[in-house]
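Contents: one structure, followed by commentary.
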Amino acid sequence: MKKIAFLASGRGSNFQAVIDRVNDGTINAEIVALITDKPDAYAIKRAGENNIPVFAIDFKSFGSRDDYNAELLRVMKEINADLYVLAGYMRLLDPDTAACFSGRMINIHPALLPSFKGLNAQKQAIEYGVRISGCTVHFVDEGMDSGAIILQHSVPVLDNDDEMALADRILKEEHAALPEAVKLFCEDKISISKRRVIIKE
Ligand code: GAR
């Protein structure tokens, strides 16, 4: 059975979506850790309710970004998961950390990559005026939101949408797409050829 660790900075609704699919037996895996950079993240409460160990690495308590990155890498190695899932983890990973977990770390992003990378992706989509947006689950590489794409779910952008309305519509798809990608990974159905992801039937 695969061991999964999560990294999350806030609400943790995507974390919860995977917890629910593990608890109902859809995903055959054990969630072994929640790592957070924010000691007040709501995700911590979700972990507690499900007996998932929490590793709070408070970014603010470190003297430098390098010190924080070194501690994060140490903890991630110690946890020794098969899969690391960034679910609303709002920091760019250090390139060394990304390289260390290449092929076994995934991220969920609230836009159809490669459009609207980085923060406030839903706002970027509204301001650009796209008619379709969505979410992307992708492998993490050394760049920002640039790794090989596993799954994308699309949603319409409606004329009177504001950022919140679009974010809510996308979030519903995130809650389907992330567990779907985690399940595929846990069933060894994902392989990467150059930057293309092949999904076994
Ligand atoms: C989600 O919309 C996720 O896609 C986004 O943060 C939200 C976290 O929600 N992530 C990013 O924007 C990363 N660049 P959650 O904490 O309820 O899962």
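For the chain, just list the percent of Cα-Cα distances falling in each 5 Å bin from zero outward, please.
1, 8, 16, 20, 21, 17, 11, 5, 1, 0
Of all the accessible heavy-atom surface of the stretch 115-181, with the other protein chains kept in place and a 1.4 Å probe, what percent is carbon and sulfur?
Working: 1690 of 3330 Å².
The nonpolar share, carbon plus sulfur, comes to 51 percent.
Sum -39500 (n - 2.57) across every DSSP H segment of at least 4 residues in the chain, then divide by the residue count to get the 222 nm mean residue ellipticity, nearest 500. Kindly include the intermediate steps, with their values, before the conclusion.
Working: 6 runs with 71 residues, N = 201.
Only helices count here, giving -11000 deg cm²/dmol.
To the nearest µm²/s, what D does Stokes-Einstein give for the stretch 1-87 at 4 °C and 1.567 mPa s, using the Kirkwood radius over alpha carbon pairs as Rh? Numbers along the way, then the final one.
Values: Rh = 13.1 Å.
Answer, rounded: 99 µm²/s.
Can you tally the net charge around I150? Count Lys and Arg as +1, Asp and Glu as -1, for every other residue whose Cβ sits under 12 Å from the Cβ of I150.
On the way: positive: K183, K189, R195, R196; negative: E180.
Its environment carries a net charge of +3.
Helix check for the chain. Which DSSP H runs span at least 24 Å along their own axis by Cα, with a mean Kyte-Doolittle hydropathy no less than 0.0?
Numbers: long enough: 163-186 (33 Å, 0.23).
Correct list, ordered by number: 163-186.
S115 versus I132, label points 7 Å from Cα toward the beta carbon: distance in nm?
Each label point lies 7 Å from its Cα, and together they span 0.9 nm.
Separation of the stretch 100-117 and the stretch 1-50 by C-alpha centroid, Å?
Spelled out, the Cα-based centre of one part sits 18 Å from the other.
Compute the accessible area per residue over the stretch 97-201, keeping the other protein chains in place, probe 1.4 Å, unit Å². Write out the running numbers ahead of the final one.
Numbers: 5460 Å² over 105 residues.
Counting only protein heavy atoms, the per-residue value for the stretch 97-201 is 52 Å².
Can you bin the stretch 50-164 into rounded, prolate or oblate? Criterion: square roots of the alpha carbon gyration tensor eigenvalues sorted a ≥ b ≥ c, rounded for a/c under 1.5, prolate for a/b above b/c, oblate for the rest. Let's see the in-between values first.
Numbers: a/c = 2.19, a/b = 1.90, b/c = 1.15.
Taking the square roots of the gyration eigenvalues as a ≥ b ≥ c, the stretch 50-164 is prolate.
What nm distance separates the two modelled labels at E49 and A70, each placed 7 Å from Cα along Cα→Cβ?
Each label point lies 7 Å from its Cα, and together they span 3.8 nm.
Assuming R0 = 25 Å, what is the FRET efficiency of D162 and Y42, from their Cβ-Cβ distance, to the nearest 0.05? Walk me through the numbers before you get to the answer.
On the way: r = 23 Å, r/R0 = 0.93.
The pair D162/Y42 has a calculated efficiency of 0.60.
The values are calculated or read from the model by the stated rules, or taken from the named source; none is laboratory data. Predicted, not measured: the structure shown is a model, and the values here were computed from it. Quick reminder, even Gly has a Cβ in these numbers, built from the backbone with ideal geometry, and neighbours come from all protein chains shown. These area figures cover heavy atoms from the full protein model, side chains too; ligands, DNA and RNA do not enter into them. Shrake-Rupley method; radii C 1.70, N 1.55, O 1.52, S 1.80 Å.
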